[in-house]
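So the structure is just underneath, and the comments pick up after that.
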Amino acid sequence: MPQLAVPGRKTARRRVAAPDAAPSRVLHKGQQTRLVILDAALALAAEAGLEGLSIGALAESTGMSKSGVFAHFGSREELQISVIHEYFQRFEQEVFYPAIQEARGLPRLRALFENWMKRVTEEIQSGCIFISGAIDFDDRPGPVRDALACSVRVWLAAVERAATLAKEEEELVADADVRQICFEIHGLILSVHYEARFLQTPGSIERAQRAFEQILARYSSGAH
């Protein structure tokens with residue numbers, strides 16, 4: 001099964017288990033502790049952003065000592081990057097992997113969008129680390145910004161690939177611009193975050209879903 005490869009991310013990763021399936025392996029105590037810390041760090045980052053993460057804040061949140069948290073990450077920057085990688089890993093487990101079970105072409109592209117939208121609706125209250133991180137680090141070069149940008153680029157490349165497959169299956173018109181399609185789909189997601197989370201505009205989710213169908217209709221080979 002393919003996976004979205006993020007440069008710099010450790011290749012050892014938790015497998016995606018089928019619903020109700022038993023864990024594929026038993027985590028060592030150190031790994032379990034690290035996951036507990038990452039869970040707390042993700043929750044903290046959702047509320048305060050990546051800039052709100054610190055060894056001290058995480059130690060207080062988990063009830064651990066600062067030295068205990070430091071032993072797993074070593075620095076605030078390493079902690080932030082680890083949170084980005086963990087967030088992306090969970091994102092691909094919830095959005096990407098279920099979608100690639102669908103037939104290549106429009107069914108897969110639609111599944112990617114629907115899964116993405118489902119995650120967006122779940123993040124209306126907490127916020128998206130990629131979006132808040134882009135605001136915090138857009139003009140701050142360095143490893144944290146690189147990790148954020150890389151994760152987003154890898155994901156958008158997967159969406160573009162799904163659109164390309166739909167074009168190859170002749171479900172989209174021959175001259176369909178897959179980069180434009182990806183750009184418009186990404187724009188819908190960003191709009192939903194702004195409209196639903198910041199402006200709290202009623203019906204934002206439904207508008208985005210209708211707009212997605214309009215994008216497909218505009219490029220669909222069946223409409224020409």
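Among the candidates Gln180, Gln209, single out the residue that is in contact (Cβ under 8 Å) with a residue 60 or more places away in the chain and over 18 Å from the mean Cα position of the chain (by Cα).
Gln209
Mind listing whichever residues of region 82-138 are surrounded by fewer than 21 Cβ atoms within 10 Å (Cβ to Cβ), over 27 Å from Gln31 (Cβ atoms) and β-branched (Val, Ile, Thr)?
Result: Thr121, Ile124, Ile131, Ile135.
Name the residue, out of Glu122, Glu92, that is in contact (Cβ under 8 Å) with a residue 40 or more places away in the chain, out of contact with any helix residue (DSSP H, G or I) (no Cβ under 6 Å at 6 or more places or on another chain) and among the acidic types (Asp, Glu).
Criteria check complete, one pass: Glu92.
When you scan region 108-224 for helices (runs of 4 or more DSSP H) that lie fully inside it, which ones turn up with 2 or more residues that are charged (D, E, K, R), under 23 Å from Glu92 (Cα atoms) and modelled with pLDDT of 95 or more?
Counting at least 2 such residues, we get 143-168, 178-192.
Can you tell me how many residues within region 191-208 are surrounded by fewer than 15 Cβ atoms within 10 Å (Cβ to Cβ) and either farther than 20 Å from Ala46 by Cα or in contact with a helix residue (DSSP H, G or I) (Cβ under 6 Å, 6 or more places away or on another chain) (or both)?
Number of matching residues: 4.
Could you list, in sequence order, all residues of region 37-81 that are among the charged types (D, E, K, R) and either in a loop (DSSP other than H, G, I, E, B) or touching a residue at least 60 places away in the same chain (Cβ under 8 Å) (or both)?
Glu47, Glu51, Glu77
For Ser75, only one of the following conditions fails: (1) farther than 23 Å from Trp155 by Cβ; (2) crowded, with 17+ Cβ neighbours inside 10 Å. What is its number?
With (1) farther than 23 Å from Trp155 by Cβ; (2) crowded, with 17+ Cβ neighbours inside 10 Å applied to Ser75, the lone miss is (2).
The values are calculated or read from the model by the stated rules, or taken from the named source; none is laboratory data. Keep in mind the model is a prediction, meaning the values are calculated, not measured. As a convention, Cβ positions derive from the backbone with ideal geometry for all residues, glycine included, and neighbour counts pool all protein chains shown.
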